[in-house]
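What follows is a set of notes on a single structure, which appears directly below.
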Amino acid sequence: MTETALPAHFATLCRLARDIAILESVQALLAWDQETYMPPGAAAARAEQKGFLAGLIHERRTSPQLDEALRACEADADLMADPDSPEAADVRELRRDVNLATRLPRALVEELARTGAQAQQVWKQAREQSDFALFRPWLERMIDLSRQKAACYGWADDGEPYDALLDEFEPGATCRQIAPLFARLGPRLTELIQAMSTRGRAPDDRPLHIHVDTSRQQRFVRIVLEAIGFDLTRGRIDTAVHPFCEGLAPGDTRLTTRYREHHFTDALYAALHEAGHGMYEQGLPKEQAFGRPIAQAVSLGIHESQSRMWENQIGRSREFWSWALPIARRELGSAIEPFDVDAIYHAVNIARPSFIRVEADEATYNLHIMLRFDIERALIAGTLAAGDVPAAWNEAFRSYLGLDVPDDRHGCLQDVHWSFGLIGYFPTYCLGNLYAAQLWAAMRAELPQVDQLIAQGQFGPIRQWLASKVHVHGRRYRASELCRRVTGQDLSIEPLLDHLRSRLGPIYDVRC
Ligand code: ZN
């Protein structure tokens with residue numbers, strides 16, 4: 001269907017969707033500002049601004065005008081004839097958004113927001129003091145509210161309540177789909193990690209601990225971002241305690257990273273990770289279709305696959321360092337001089353079990369996710385009580401990662417997610433790693449010279465491949481369908497295992 005032949009009700013739908021997207025972009029700008037430049041004194045006013053905007057957005061999303069435009073489009077047989085057309089995808093996905101917004105009663109939405117804000121404050125204190133008892137009643141409350149939320153959303157007859165929560169972040173994903181993947185991946189990763197720790201030769205970590213001034217790191221990060229193709233005329237990079245990316249609006253994607261003078265790779269890898277998210281945002285057709293689902297990210301799992309690929313498959317490759325080391329030598333100063341490409345390549349791929357998820361390496365990271373998935377699923381199913389979380393966590397940690405958790409700060413209190421009700425979110429990190437590896441394998445088959453390109457700092461063909469295969473579709477297909485279309489296969493654990501074995505085996509000098 002050509003643009004000119006589109007009916008008036010579809011144009012109305014697009015206009016209403018665009019209005020919502022404008023409000024959301026203002027909301028995102030406020031959130032970005034809060035994490036970067038906002039003075040502490042503005043906290044109360046900012047909370048009021050965000051609350052007011054959230055109310056406006058909810059009002060728009062549940063408005064009779066939007067519902068009416070959607071109904072007219074849904075009844076238009078010509079418009080909906082091809083379910084894969086951009087227009088049909090827009091209608092389907094906007095209906096989904098409206099359903100998600102209307103199925104939760106206002107009282108529950110407010111209760112979740114209020115409890116989340118308080119629970120987050122208590123969680124901070126509980127984590128500092130490693131005092132689970134303090135957090136326990138709030139966790140109980142959040143689990144209870146999350147179960148109510150799941151009941152409002154509903155789930156398939158052959159599914160379970162957790163599916164309803166997962167679906168918010170990874171549309172279409174279910175426990176039936178991901179639990180078997182995780183169950184197969186877990187033991188294979190454990191085997192790999194054991195082989196490395198018992199028979200392998202661990203790399204020297206000294207290159208990671210050289211001293212590099214923040215200003216030098218900032219210059220280096222900027223050069224790398226420009227080279228990989230993050231468009232700094234349509235984006236920015238700033239500093240934040242917890243690095244993130246906000247795709248605000250057409251022509252405006254914001255990244256953040258953080259600098260540690262005795263660990264220069266932190267800023268680099270956080271920036272590469274966030275730039276992967278950022279290039280996805282920049283690759284979405286927002287200029288043409290802002291507000292329409294075909295210009296929005298398909299799922300958190302696919303989003304994470306883009307960041308992980310740039311961070312790990314590309315940024316931790318030997319070829320990347322053979323390109324980047326001469327630049328690093330020039331920009332970072334004398335501290336890096338004693339180290340050659342292999343020394344840095346090996347150091348940035350050190351893999352060993354550790355307690356904190358956000359500091360975990362590429363191989364052990366997924367085990368951190370699996371144990372959270374098991375615990376969340378049991379909490380929502382009602383087979384695990386909130387009070388039993390520390391014991392369940394520590395036991396799972398021993399079995400997945402072979403370590404005894406010293407205290408809850410290094411255990412079940414480390415993540416902020418549960419305090420504000422983000423349950424069903426963690427699995428998307430592992431899905432992201434799996435999608436990254438599978439997309440990477442498909443790209444290598446189509447671009448066999450990819451290693452050479454990286455070694456020469458020619459990242460354009462990689463970015464264009466991702467843009468044309470993944471970014472351009474927005475939410476046109478579900479993540480699992482997109483994966484099938486791009487790679488020819490359902491999501492599988494093998495590409496990730498192949499990637500880890502072929503990288504870590506030679507580094508650790510071990511067959512695995
Ligand atoms: Zn990410």
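The values are calculated or read from the model by the stated rules, or taken from the named source; none is laboratory data. As the structure is a prediction and not an experimental result, all values here were calculated from the model. Neighbour counts are summed over all protein chains in view; Cβ atoms, including those assigned to glycine, are modelled from backbone coordinates with ideal geometry. These area figures cover heavy atoms from the full protein model, side chains too; ligands, DNA and RNA do not enter into them. Shrake-Rupley method; radii C 1.70, N 1.55, O 1.52, S 1.80 Å.
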Using a 1.4 Å probe on heavy atoms of the protein chains only, the accessible area for Lys124 in Å², nearest 10, reads 90 Å²
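If you count, for each residue, the other Cβ atoms within 10 Å and average over each peptide, how do 446-453, 278-285, 403-410 line up from highest to lowest?
For the peptides 446-453, 278-285, 403-410, the packing ranking is 278-285, 403-410, 446-453.
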Residues whose modelled amide H sits under 5 Å from the amide H of Thr239, counting only those 5 or more places away in sequence or on another chain, are Thr257
Counting only DSSP beta bridges fully inside the chain, the antiparallel percentage to nearest 5 is 45 percent
If N is the residue count of segment 278-418, its Cα Rg over 2.2 N^0.38 Å rounds to 1.39
Cα-only Rg/Rh for segment 1-109 with Kirkwood Rh rounds to 1.09
Here, Arg184 and Arg352, labelled 7 Å along Cα→Cβ, have an inter-label distance in nm of 3.2 nm
Of 373-381, 436-444, ordering from highest average Cβ density within 10 Å down gives 436-444, 373-381
Using a 1.4 Å probe on heavy atoms of the protein chains only, the accessible area for Val241 in Å², nearest 10, reads 110 Å²
Computed on Cα atoms only, the convex hull of the chain has an orientation-averaged projected area in nm² of 23.8 nm²
tail above 18 Å in the computed P(r) of segment 138-261, as % of all Cα-Cα pairs, reads 75 percent
Mean accessible area per residue over the chain (1.4 angstrom probe, all protein chains present, square angstrom) is 43 Å²
Yeah, segment 195-288 with a ≥ b ≥ c from its alpha-carbon gyration tensor (a/c under 1.5 is rounded, else prolate when a/b outruns b/c, oblate otherwise) is prolate
What helix-only [θ] at 222 nm does the chain give? Using -39500 (n - 2.57) per DSSP H run of at least 4, over all residues, to the nearest 500, the answer is -20500 deg cm²/dmol
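Which order do Arg206, Arg95 take when ranked by solvent-accessible area (1.4 Å probe, heavy atoms of all protein chains), largest first?
Largest to smallest exposure gives the sequence Arg206, Arg95.
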For Lys469, counting only lysines whose alpha-carbon sits under 17 Å away and dropping same-chain residues fewer than eight positions off, the answer is Lys286
If each K or R counts +1 and each D or E counts -1, the residues other than Arg95 whose Cβ falls under 11 Å of its Cβ total -2
Straight-line reach check, Lys50, cutoff 17 Å on alpha carbons, 8 or more apart in-chain or any other chain, hits among aspartates and glutamates -> Asp19, Glu24, Asp33, Glu35, Glu59, Glu110, Glu111, Glu246
Where a ≥ b ≥ c are root eigenvalues of the Cα gyration tensor, a/c under 1.5 meaning rounded, otherwise prolate if a/b exceeds b/c and oblate otherwise, segment 20-174 counts as oblate
The distance between the Cα centres of segment 366-393 and segment 150-225, in whole Å, is 17 Å
Dividing the mean separation of Cα pairs under 8 Å (6+ apart) by the residue count of the chain yields a relative contact order in percent of 21 percent
Carbon plus sulfur, as percent of the 1.4 Å-probe accessible area of the chain, comes to 50 percent
For Phe244, the accessible surface traced by a 1.4 Å probe with all protein chains present amounts, in square angstrom to the nearest 10, to 40 Å²
